[in-house]
Amino acid sequence: MIKLYERGIYLVNGSEIIEDHNDSSAAVKAKTGTMISKETAKQGTMAYGILNSHNTSGDNKKLKIKFDKLTSHDITFVGIIQTARASGLEKFPVPYVLTNCHNSLCAVGGTINEDDHMFGLSCAKKYGGIYVPPHQAVIHQYAREMLAAGGNMVLGSDSHTRYGALGTMAIGEGGPEIVKQLLKKTYDINMPEVVAVYLTGTPRKGVGPQDVALAIIGAVFANGYVNNKVMEFVGDGIRNLSVDFRIGVDVMTTETTCLSSIWETDQPVKEFYEQHRRADDYKELKPQQVAYYDGMIYVDLSEIKPMIAMPFHPSNVYTIDELNSNLYDILDEVEKKALVSLDNSKVTYSLKDKVRNGKLYVEQGTIAGCAGGGFENICDATDILEGKYIGSDEFSLSVYPASQPIFLELVKNGSIAKLMATGATIRTAFCGPCFGAGDVPANNGLSIRHTTRNFPNREGSKITSGQVASVALMDARSIAATAANKGYLTSAENMDVTFTKPKYFFDSSIYDNRVYNGIGNADNSVDIKFGPGIVDWPAMTPLSEDMILKVVAEIHDPVTTTDELIPSGETSSYRSNPLGLAEFTLSRKDPGYVGRAKEIQKAEKARIAGEDIVAANKELEEVYGKIADIFTIDTKATQIGSTIFAVKPGDGSAREQAASCQKVLGGFANIANDYATKRYRSNLINWGMLPFLLKGELPFANGDYIFVKDLRKAVAEKITEIKAYVVNKDMKEFTLQLGELTDDEREIILSGCLINYYRR
């Protein structure tokens, strides 16, 4: 089904695969008649061509990228614009789209969600941007329809910013990276490695894009095969996939932890652009005659069966047939894995009680968002469900078209009426089911969703309140098959159905009449509308020469997600209030974290105010004493903050708040064995936090104090290994590393945060 190559490969003429070995250059020459070096062949990928054309550094190994377009949604754009305003923003220098698809439900917190929307509209007018009102489109569908262009690069403040199937190289990053682009700065990375995804064959009937995506994620997530690399889709199998199908696979590449994606483009992609009245935005893309890839994922589409990703990660995959054939064994395995994700909490967690009459029963189905809400997905689901009923028991089905133009066409072709007749409910374009703010199941419920993630809390669980539920990811077709069987898990392959594949007709009039487009028309006279929930960032101090850190959380899960660092769901309404949102930091993982962080922050506030530090925190008297036995420090000039340890933090969302909330509470560092994604590490750096790496055994524990001597000097002088001391373990010495940092990143850390850096 899927093969991972152990070495790099040469791809010749887009179809011939030559593994990298001692004689590979000769083999390439035999095929092409030309001797080509590996370095030259690396420049033959589509990814290299696009990255190189957007690089401003003049060095094809150390890139400084300027993007063509930017996009954000309503739980990120307020903080981004506030940061940019504080740093000197005058107008948006490139097209910047502000969508409103996350905080669309204006119930939690009174008016604050709609206040954010009005803030966005007024900023689009003042700085010259595009504003997409709530319920018009989810962020990525609007970008596909109106923003993507062949050979372009798009930066978005949502992790699923992926438009590779349309020939656009898109990257999802935390808000500060958007700020840099708004201030005409660059996105700085080393030239990434590129891994080919070679598609061949034709998908089976009933297999959809989510099935292919989950199979790939299952093969590459745990081993880090594509971590921070670009996935480049090639092969003869691409022509057997519709553009909607390709988009559905592409958006899920985020769950592999890759940096970005790009696909070969062809006539169907050209027709997509023509259909959306943007024919000039099409560009044919394909690798050069010889292209070298740092690895290859070989996918035979004909062998992929309907898949299910069980709780609590998209990589926890099985075929639906495999699950149904080994129900109790697999459910027992999933339950044991879940206890790790749930931190072995006292919550009772069971899936085996979902087995009824030898079949797995689920309580909810959802087809939604940037992954599931596409036209073809919903039409195929309609064909499976037509003439059937979802029943009157616990099972429910909700469908969210990804944009109003898609919704309109589904109304015109009768799909909406057919779905409603089955008992399904139809909703507007909203991302809520993806992050626990929509269709939250009952306690102990199991939801099957064609959405992007199934991390803990993504379905609305509150473990500390005794509430837990589960999400399993599936394709829309098998969700529809399950709905047709009234909630009993069913593979779409087992349904007798004729897929009608109706043609899609894009009607732009909805956007023409509702979307505000201020590109090139910034009006500085416009006053920004500030609701009472929109709060400025608190002042942050530059890095001191020495630092005292207290460990206030210790997390030993193999991977810690951004959802666990700062939960989504109802907390999203507070994303415009740094102080208010910070109260939720680690609330579903370590409820005592906020209190412990605030206690040590009292001492730092006293230091800044010139008050008695020890009076603010009595523990520091002993800490200062032990440090003084070895070192001389100026206590009034030594920062006092908190840090957390996590094995591998940062999987998942691009949300900058996973880092900024820690900083607001006085967090000055993370200590980790590794970082799950580049974007989380970048978020730490941009908020002036030290992304420490620790190898070997943990020398400290939760509650211990750590002293770091000459820290500012180490950052400024690019010292790779930094000596630190566990104060309350007789000044036990250990080594911290910072990893590679650009000169700008060092300056940001020295300044205390990105805002300070630009102000300076």
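Computed quantities for the displayed model
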item: Selected residue [outside any helix (DSSP H, G or I) and at pLDDT 95 or above] from 408, 397, 419; result: 397
item: Residue 81 being in the same structural domain as residue 159 (by TED's automatic domain parsing), crowded, with 22+ Cβ neighbours inside 10 Å and assigned to a loop (DSSP other than H, G, I, E, B); result: no
item: Residues of region 50-67 satisfying the condition of being out of contact with any Lys or Arg (no Cβ under 6 Å at 6 or more places or on another chain), surrounded by fewer than 18 Cβ atoms within 10 Å (Cβ to Cβ) and in contact (Cβ under 8 Å) with a residue 12 or more places away in the chain; result: 53, 60, 61, 62, 64, 66
item: Residue under evaluation residue 243, criteria (1) at pLDDT 95 or above; (2) out of contact with any Pro (no Cβ under 8 Å at 6 or more places or on another chain); (3) of a type in the set (Val, Ile, Thr); (4) outside the structural domain of residue 82 (by TED's automatic domain parsing), criterion not met; result: (2)
item: Flag for residue 161 being touching a Gly at 6+ places or on another chain (Cβ under 6 Å) and either closer than 30 Å to residue 287 by Cβ or surrounded by fewer than 24 Cβ atoms within 10 Å (Cβ to Cβ) (or both); result: yes
item: Residue within region 728-744 that is in contact (Cβ under 8 Å) with a residue 60 or more places away in the chain and surrounded by 22 or more Cβ atoms within 10 Å (Cβ to Cβ) present; result: no
item: Where residue 464 falls short, out of the listed (1) in a loop (DSSP other than H, G, I, E, B); (2) touching a residue at least 12 places away in the same chain (Cβ under 8 Å); result: (1)
item: Meets criteria (free of Cβ contacts under 8 Å to residues at least 12 places away in the same chain and buried (at least 20 other Cβ atoms within 10 Å of the Cβ)) for residue 416; result: yes
item: Test: residue 201 is under 23 Å from residue 20 (Cβ atoms) and outside the structural domain of residue 472 (by TED's automatic domain parsing); result: no
item: Among (1) at pLDDT 95 or above; (2) over 21 Å from residue 171 (Cα atoms); (3) not hydrophobic (A, V, I, L, M, F, W, C) - the single one residue 54 does not satisfy; result: (2)
item: Selection from region 37-78 of residues that are part of a loop (DSSP other than H, G, I, E, B) and within 30 Å of residue 517 (Cβ to Cβ); result: 54, 56, 66, 67, 68, 73, 74, 75, 76
item: Of residues in region 693-721 being out of contact with any Ser or Thr (no Cβ under 8 Å at 6 or more places or on another chain), of a type outside the set (Gly, Ala, Ser) and not in a loop (DSSP other than H, G, I, E, B), the one surrounded by the fewest Cβ atoms within 10 Å (Cβ to Cβ); result: 713
item: Any pair with Cβ under 6 angstrom, 6 or more apart, that starts in region 255-272 at a residue that is under 12 Å from residue 166 (Cβ atoms) and ends at one that is charged (D, E, K, R) and surrounded by fewer than 24 Cβ atoms within 10 Å (Cβ to Cβ); result: 264/286; 265/284
item: Strands (runs of 3 or more DSSP E) lying entirely in region 289-347 (those with 1 or more residues that are over 26 Å from the mean Cα position of the chain (by Cα) and not hydrophobic (A, V, I, L, M, F, W, C)); result: 290-293, 295-300
item: Lone qualifier among 724, 646 - being within 25 Å of residue 619 (Cβ to Cβ), crowded, with 19+ Cβ neighbours inside 10 Å and under 21 Å from the mean Cα position of the chain (by Cα); result: 646
item: Number of the exception - residue 646 against (1) under 27 Å from residue 186 (Cα atoms); (2) touching a residue at least 40 places away in the same chain (Cβ under 8 Å); result: (1)
item: Residue in region 38-45 that is more than 24 Å from residue 170 (Cβ to Cβ), surrounded by 17 or more Cβ atoms within 10 Å (Cβ to Cβ) and of a type in the set (Gly, Ala, Ser) present; result: yes
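The values are calculated or read from the model by the stated rules, or taken from the named source; none is laboratory data. Because the structure is predicted, anything quoted here is derived from the model rather than measured. Positions of Cβ are backbone-derived with ideal geometry, glycine not excepted, and every protein chain shown enters the neighbour counts.
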